[in-house]
Amino acid sequence: MGLILQIAWRFLLAKKRAMLMSLAGIVFGVAFFIVAQAQTSGFESFFIRAVWGTNGALKVQDKFQNNIVTSMAAGENGDFRVKLSEGRTYVEGIAHPAEVLRAVRSFSEVRGSSEVLRGRAVAKSGFREDECEVNGIRLADHLAVSDLAAQVRAGSLADFARNPQTVLIGAKLAERLSLDIGSGLILKQGGESRRYRVAAIFETGVEEFDKRRVYLDLREARGLLHEPEKSSFIQVSLDDNNRADVVAAHMQEVLQHDVRPWQKSEKTWLQVFATLRISSAITMGVIISVAALGMFNTLAIIVMERRREIAILRSMGYTRSDIVAIFVAQGMMVLAAGLVLGCLAAVAITYGIERLPIHIRGIFSADHFVVKWSLWHYVFAAVLSTVVVLIASYLPARRAAKVEPGEIIRGAS
Amino acid sequence: MTGALPQSIELLRAENLRRTLGADESKTKALRGVSLALQSGRSYAVTGPSGCGKSTLLYLLGLLDRPDEGEIFLSGKSVARADDTHRTRLRMEKIGFVFQFHFLLPEFTALENVMLPMRRLGKLAPDEMRERAETLLKNVGLAERMNRSTGHLSGGEQQRVAVARALANEPSIILADEPTGNLDERNSKMVFELLASFAHDAPRAVLVVTHNPDLAARCDEVLRMKDGLFATA
């Protein structure tokens, strides 16, 4: 193989310009593929991480009861009976949270579970009032099913844990109400008002949560929301959150409560991301196809220009496989260089994009572009470009190697 | 064919070779039933006007092309319809080519060009290959230029490198297509003498396609072609 590689290398050096064009195509294709992947999946991953960190992997919520009716067929004997499901009756919330919590924790996939009582209230500061979503939690439990600790921008969770008269408040809501750490806050619900102090301000990155959500101690929330026993839902995190849909289906069957995995709760936004991904894949596909076509053309021309050398080598006893190997080796040499340079370019561009200032305030908040760093993007790019270059170099070489050498020499003489 | 020496052996025999070139309206019958035999220790010249089928015959004998009809026997074995791998192996081991335009690889030095067939055959150790290539280049008068890129050699020198390359694997048959076609008289003479000595120094055969009547006259046998047939046939 050393001989074949040497011939390939010499041939390559003799056609520097054409090979540089091919190299540029590979570098561009690889870098673009990786950057596009990093960008497309960046925002999606950011959103999913924020959802997991705030709402957990799944929620066990309303209790349901299957409505079964029995039909009797009017046959001769009249004893053929069929049970039919006629939908479900839902009872809002969880009536016996302690029992359900115990059952949830018996699932081996469950990493953490937190009982939550949720209700609407009005938050009033000295400046203005705004609607908010009160979430009563046990802090220790909730930290196991969320990234709340990491989401705290200011203040102290310890203060919140010690003092039930304190709240954790979303950054946007705090901003709208001009609240800071230690500020007083009144929560009004059902004609009752209670005074609290801001212990900490958190920011999830998801606009919807940050402008509405307030965390209270669970017992305090029960008082405020006049709900002494029931809970709204149990938030659950799993060892593998990506399996939430599978675990949820199993849990629902066992617990007879509606269990919503994050894939279902965030279906709308996930579909938006999926659509964007498809759109990006189409654009990438077109660009990569153009780059591949360029590579194919360049190699086809190089092979055509080398027909005389092919005939010379064949006359000396080089086989068709040798000829194909020489040109495929050339393609692989350019590919190797293209992959290294393309990956380096991708790292540099992705790094640059990640630092690109951008003001996003919508389904989530970001002050710079969000990218996803994944080794798999680089692996996919390497596999894809290898396949493309293999095809682009193999096909014209095989075609040229098939021709009888005399035919080429006759044309070249 | 006649005139073989008593001790010579038949290296190659072709029977009733026919070959049509081109397609549709441009179809030309290049060979119309040519037969010949090459004996060891002899040199042959194939002469004739342009387009009479000389080169086509040479490519068929050298297994670089396939006949439409007819048979070729190399060391007594039928090879015209052998598979490509077998024919490639025979070219590597038994046949050496010298083309009109030398057809060297310009990316390699003279020495490397001569070593290319040996490296593919792989019978010798690297040092032995180098040594043999150096000897061959010395024999063709290129001892001082063997490490030069072939692009930096004159036409005559390039053709001498091509001769050395053709001899690299010690083939039993040398086929030369207008080997002196682009050379001046001095270089033509040198190249021809190299080829002729090759045939006479060992049990080998040399077949030269040429327009040059002086060159042809110096071969042991002259075969004149016209319209795809030997004129003497």
Within 10 Å of the Cβ of an average residue in B:108-117, the count of other chain Cβ atoms is 2
List for region A:375-413: residues with 20 Å² or greater reduction in accessible area, all protein chains versus chain alone, probe 1.4 Å? A:E404, A:P405, A:G406, A:I409, A:R410, A:S413
Within region A:316-335, what residues put their amide N at less than 16 Å from the label point 7 Å along the Cα-to-Cβ vector of B:D84? A:316-328
Sorted by mean Cβ packing within 10 Å, highest first, what order do the peptides B:150-158, B:78-86, B:202-210 take? B:202-210, B:150-158, B:78-86
Calculate the spin-label point distance for B:R32 paired with A:M21, positioning each point 7 Å from the Cα along the beta-carbon direction, and give it in nanometres. 4.6 nm
Once the Cα atoms of helix B:110-121 and of chain B are each reduced to a long axis, what angle between those two axes, in degrees from 0 to 90 to the nearest 10, is obtained? 60 degrees
Of A:Q37, A:Q252, A:Q61, the one that fluctuates the most in a GNM where chain A has Cα springs shorter than 10 Å: A:Q252
What angle do you read, to the nearest 10 degrees and between 0 and 90, between the alpha-carbon axis of helix B:185-201 and the longest principal axis of chain B? 80 degrees
Residues meeting the amide H criterion for B:V98 (H placed from the backbone, H to H distance under 5 Å, 5 or more places apart or on another chain) are B:L175, B:A176, B:D177
Using every alpha carbon pair in the protein assembly as shown, what percent of pairs falls into each 20 Å bin from 0 up to the bin containing the largest distance? 15, 29, 17, 15, 16, 7, 0
Determine the gain in length on full extension of the stretch A:E192-A:L3; use 0.36 nm per residue of separation and subtract their C-alpha separation, reporting nm with one decimal. 59.1 nm
With a Förster radius of 30 Å, plug the Cβ-Cβ distance of B:S8 and B:D214 into 1/(1 + (r/R0)^6) and report the FRET value to the nearest 0.05. 0.75
Lys, Arg +1 and Asp, Glu -1 on Cβ, resulting dipole of region A:58-261 about Cα centre, debye, nearest 20: 620 debye
Mean projection of the alpha-carbon convex hull of region B:1-149 over all orientations, in nm²? 11.6 nm²
Post the alpha-carbon centroid distance, region A:259-301 to region B:199-233, in whole angstrom. 67 Å
Considering only C-alpha atoms, what is the centroid distance from region B:26-67 to region A:194-224, in Å? 97 Å
Rounded accessible area of A:E175 (nearest 10 Å², 1.4 Å probe): 130 Å²
Out of all DSSP beta bridges with both ends in the protein assembly as shown, state the antiparallel percent to the nearest 5. 70 percent
Rounded to 0.05, the calculated FRET efficiency for the beta carbons of B:S197 and A:I282 at R₀ = 60 Å is 0.30
In a GNM of chain A with a 10 Å cut-off on Cα contacts, which of A:T40, A:T166, A:T298 has the highest mean-square fluctuation? A:T298
So if I place +1 on the C-beta of Lys and Arg and -1 on the C-beta of Asp and Glu, and nothing else carries charge, what would the dipole magnitude of the protein assembly as shown be about its Cα centre? I want it in debye, nearest 20. 640 debye
Which of the helices in chain A meet the span-like rule: DSSP H, Cα axial reach of 20 Å or more, Kyte-Doolittle mean at least 0.0? A:16-55, A:267-305, A:320-354, A:375-402
Taking the C-alpha atoms of region B:127-199, convex hull volume expressed per residue in Å³: 87 Å³
At q = 0.11, 0.12, 0.17 Å⁻¹, work out log10 I(q)/I(0) for region A:177-260 with the Debye formula, treating every Cα as an identical point scatterer and leaving solvent out; two decimals please. -0.49, -0.57, -0.94
Accessible area of the protein assembly as shown divided out per residue, in Å², using a probe of 1.4 angstrom: 47 Å²
Heavy-atom accessible area with a 1.4 angstrom probe orders B:R89, A:R17, most exposed first, as A:R17, B:R89
Length added when fully stretched, A:I391-A:W376, from 0.36 nm per residue minus Cα-Cα: 3.2 nm
Fraction of accessible area attributable to carbon and sulfur, the protein assembly as shown (%, probe 1.4 Å): 54 percent
In debye, nearest 20: dipole of region A:265-413 around its Cα centre with unit charges on the Cβ of K, R (+) and D, E (-)? 300 debye
Per-residue average of Cβ from other chains inside 10 Å of A:7-17: 2
Global size of region A:273-413 as Cα Rg and Dmax, reported in angstrom: 21.4, 71
Cα gyration tensor of region B:72-118 - equivalent ellipsoid semi-axes, whole Å, descending: 26, 11, 9
Counting only the heavy atoms of the protein chains, how much of B:K226 is accessible to a 1.4 Å probe, in Å² to the nearest 10? 130 Å²
Under 10 Å, Cα contacts only: if you run a Gaussian network model on chain A, which one of A:E208, A:E266, A:E253 comes out with the highest mean-square fluctuation? A:E253
In region B:46-74, what residues drop by 30 Å² or more in accessible surface going from the chain by itself to the full protein assembly, probe 1.4 Å? B:Y59, B:L64, B:D65
From the protein chains alone at 1.4 Å, what is the descending order of accessible area for A:I391, A:I4, A:I360, largest first? A:I391, A:I360, A:I4
Probe 1.4 Å - accessible area at A:D141, Å² to nearest ten: 40 Å²
Report the normalised scattering of region B:66-200 as log10 I(q)/I(0) at q = 0.17, 0.21, 0.22 Å⁻¹, calculated by the Debye formula with identical scatterers on the alpha carbons. -0.91, -1.24, -1.32
In square angstrom to the nearest 100, the accessible surface buried at the A/B interface, both sides summed with a 1.4 Å probe, amounts to 2600 Å²
Rounded to whole angstroms and listed largest first, the alpha-carbon spread of region A:58-261 along its three principal axes comes to 78, 39, 28
Packing rank of A:337-344, A:89-96, A:257-264, A:210-217, where each peptide gets the mean count of other beta carbons within 10 Å, highest leading: A:210-217, A:257-264, A:337-344, A:89-96
Can you give the FRET efficiency to the nearest 0.05 for A:E253 and A:A140, using r as the Cβ-Cβ distance and R₀ = 51 Å? 0.95
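The values are calculated or read from the model by the stated rules, or taken from the named source; none is laboratory data. None of these values were measured; they are calculated from a predicted model. Counting neighbours? That spans all protein chains shown, and the Cβs are built from the backbone with ideal geometry, glycine included. Calculation scope for accessible area: heavy atoms of the full protein, side chains included, ligands and nucleic acids excluded. Shrake-Rupley method; radii C 1.70, N 1.55, O 1.52, S 1.80 Å.
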